[in-house]
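*Asks:* Dumping the structure here so I can ask a few things about it.
Values in this text are rule-based calculations from the coordinates and carry no lab data. Keep in mind the model is a prediction, meaning the values are calculated, not measured. Glycine gets a Cβ as well: all are built from the backbone with ideal geometry, and neighbour counts include every protein chain shown.
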Amino acid sequence: MKQREIFLAFFRIGMLGYGGGPASIPLIHKEAVERYKWMTDEEFADTLAIGNTLPGPIATKMAGYIGYKVSGYLGMLNAIFASVIPTVVLMIILLTSLASFRDYPWVQGMTHGVLPVVGLMMALLTWGFIKSSQLMLGWLKVVLLLILSVVLIQGLGFHPAIIIGALIVFVLVRKPEATELKKGKKKGGDTP
């Protein structure tokens, strides 16, 4: 049953993920977090962050990880196959049949008409991440991180993977301090 669910979930994503990997992220979230509840929002955000720091297509990396998390190696292979095969088949069909129609206005209109929908899906996913970050960090830190990220990525041209990697290193370095503070509070000791 799980293999069937994995295949159907990632096949739907592969079929509907118009616009490439980043456009598929809201669809992956819908299937993995909302529909099948294979992971929480926090786990999804962590998976997305790590996936962005690694080379290769994000949708395939996330499919592989989620498939593995749900059902081991067989689930991983199933999820990757299900997410890739629709693209391969559609590319073959579309490239052979629509190549002669690409200059027609209705084909160009179809392409331009889908872009706002993909943009809205990305905006809704972003807003969900901002709200969950606010719960853990507070609005001030979230807004400061947003502004800093925009300045570094858009203003100075940093690659997003560098920002994500730096934040991961920062959290890993700070984590032991937070753990020690919690231990001190549990023992009833005063912490400076």
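*Asks:* Given charges of +1 on the Cβ of Lys and Arg and -1 on the Cβ of Asp and Glu, with all other atoms neutral, how large is the dipole of the chain about its Cα centre, in debye to the nearest 20?
*Replies:* It works out to roughly 540 debye.
*Asks:* Report, largest value first, the span of the C-alpha coordinates of the stretch 59-119 along each principal axis, in whole Å.
*Replies:* 46, 28, 11
*Asks:* According to the square roots a ≥ b ≥ c of the eigenvalues of the Cα gyration tensor, what is the shape class of the stretch 1-156, taking rounded for a/c under 1.5, prolate for a/b larger than b/c otherwise, and oblate for the remainder?
*Replies:* The shape class here is oblate.
*Asks:* If you count, for each residue, the other Cβ atoms within 10 Å and average over each peptide, how do 65-76, 109-120 line up from highest to lowest?
*Replies:* My ranking of the peptides, most packed first, is 65-76, 109-120.
*Asks:* Another question, then. Could you tell me which of rounded, prolate or oblate describes the stretch 1-48, using a ≥ b ≥ c as the square roots of the eigenvalues of the alpha-carbon gyration tensor, with rounded for a/c under 1.5 and, failing that, prolate when a/b is larger than b/c and oblate otherwise?
*Replies:* oblate
*Asks:* Please compute the length gained on full extension between THR126 and THR53, using 0.36 nm multiplied by the number of residues separating them and subtracting their Cα-Cα distance.
*Replies:* Taking THR126 through THR53 to full extension adds about 24.5 nm, to one decimal.
*Asks:* Please report, in debye to the nearest 20, how large the charge dipole of the stretch 2-105 is about its Cα centre when each Lys and Arg carries +1 at its beta carbon and each Asp and Glu carries -1 there.
*Replies:* Its charge dipole is roughly 280 debye.
*Asks:* While we're on this one: Determine ³J(HN,Hα), in whole Hz, for all residues of the stretch 157-168 in sequence, where each value follows from phi through the Karplus function 6.51 cos²θ - 1.76 cosθ + 1.60 and θ = phi - 60°; x replaces Gly and Pro.
*Replies:* 3J(HN,Hα) across the stretch 157-168, in whole Hz: x, 5, 6, x, 4, 5, 5, 4, x, 5, 5, 5.
*Asks:* Follow-up. Ignoring everything except DSSP H segments at least 4 long, calculate the 222 nm mean residue ellipticity for the chain; use -39,500 (n - 2.57) per segment, divide by total residues, nearest 500.
*Replies:* -27000 deg cm²/dmol
*Asks:* Within the stretch 113-145, whose backbone N sits under 13 Å from a point 7 Å along Cα→Cβ of PHE170?
*Replies:* Within reach of a label on PHE170: 137, 141-145.
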